[in-house]
Amino acid sequence: MGMDVYGVNPQTITERPTEPETENYDSDEWSAHFDARRKWEQENPGTYFRNNVWYWRPLWDYVYSLCDDVITEDDHKSGHHNDRHLIDADKCAVIAERIAKELLNGGVTKFKEGRQKYLDELPLVECHCCKGTGKGAHYSEGKDTCHVCEGTGEQEDSQVQYPFEEDNVREFHSFVKNCGGFEIG
């Protein structure tokens, strides 16, 4: 699952490519259009931002931690879903300003290091597949050991599956400072 984030009133420097008239999406025209569209999105960073859910959630949590006086609890909660939730241009201006400051002063790196320390110290949790028995269940039913925990009955906390990367923050900053507000959909 991915989080598609669309600029509401993006600053653009080039014209958006027009879609081909054919409905044959396997055609050379559509292939060329998608190539042109990707190039246009790179030239106009406020138009579109995408993360898979694994990268988006820690990024959005980080933004909330920086801007919880501007981003409401509803914004934060809805930001974790593809429900076309709107973050207006005024909020985006604050987000962009604060992320820029954090990128310059090392705050993003400090956050990443603190988050990693927290993740590294999380205790193992009961295996979601075998419910702690270590015996085969679901996909490994009938086998001696569970395929998830390899028979230990424990696994890493699911939070460790969600990476936080400074480059992702930089890319989001480029988007948010040029988007004129955004919808998460």
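Derivation of every value follows stated rules applied to the coordinates shown; laboratory data play no part. Source: prediction; values computed, not measured. A quick note on method: Cβ atoms are made from the backbone with ideal geometry, for glycine too, and the neighbour counts reach across all protein chains shown.
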Original post:
Can you give the helix-only mean residue ellipticity at 222 nm for the chain, where every DSSP H stretch with n ≥ 4 adds -39500 (n - 2.57) and the sum goes over all residues, rounded to the nearest 500 deg cm²/dmol?
Top reply: -13500 deg cm²/dmol
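Can you tell me how much longer the chain between Lys39 and Glu166 gets when fully stretched, taken as 0.36 nm per residue apart minus their C-alpha distance, in nm with one decimal? All intermediate terms of the calculation are to be shown ahead of the outcome.
Details: separation 127, 0.36 × 127 = 45.72 nm, distance 2.29 nm.
Difference between extended and current length: 43.4 nm.
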Subject >> Between helix 89-105 and the chain: long-axis angle, C-alpha atoms, 0 to 90°, nearest 10 >> reply: 70 degrees
**OP:** Sticking with the crude label model, points 7 Å out along Cα→Cβ, report the distance from Lys101 to Trp54 in nm, one decimal please.
**Re:** 3.3 nm
Subject >> Selection from Phe175, Cys67, Gly7 lying farthest towards where the dipole of the chain points positive, charges on Cβ >> reply: Cys67
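Within the chain, count lysine pairs with alpha carbon atoms under 16 angstrom apart where the residues are 8 or more positions apart or belong to different chains. Numbers along the way, then the final one.
Details: Lys77/Lys91; Lys91/Lys101; Lys91/Lys177; Lys101/Lys110; Lys101/Lys112; Lys101/Lys177; Lys131/Lys143; Lys135/Lys143.
Here the count comes out as 8.
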**OP:** For the chain, find the longest principal axis of its Cα atoms and tell me its angle to the long axis of helix 53-67, 0 to 90°, nearest 10.
**Re:** 70 degrees
Original post:
For the chain, with the dipole built from +1 on Lys and Arg beta-carbon atoms and -1 on Asp and Glu ones, taken about the Cα centre, which of Thr109, His80, Tyr162 lies farthest toward the positive end?
Top reply: Thr109
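So, with +1 on the Cβ of K and R and -1 on the Cβ of D and E, and no other charges, what is the size of the charge dipole of the range 53-185 about its Cα centre, to the nearest 20 debye? It would help to have the intermediate numbers written out before the result.
Values: 15 positive and 26 negative charges, 33 e Å.
Once rounded to the nearest 20, the dipole reads 160 debye.
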**OP:** Could you give the size of the charge dipole of the range 112-178 about its Cα centre, using +1 on the Cβ of each K and R and -1 on the Cβ of each D and E, expressed in debye and rounded to the nearest 20?
**Re:** 200 debye
Original post:
For the chain, which longest stretch is free of loop sites, where a loop site is one of the trypsin sites (Lys or Arg not before Pro) that DSSP puts outside H, G, I, E and B and that has at most 12 other Cβ atoms within 10 Å?
Top reply: 1-83
Original post:
Distance in nm between label sites at Glu156 and Asn82, each 7 Å beyond Cα in the beta-carbon direction?
Top reply: 2.5 nm
Original post:
Hey, could you pull the Cα Rg and Dmax for the range 22-167, both in Å?
Top reply: 21.1, 57
Subject >> log₁₀ of I(q)/I(0) at q = 0.12, 0.17, 0.31 Å⁻¹ - the range 130-185, Debye sum with one point per alpha carbon >> reply: -0.54, -0.64, -1.08
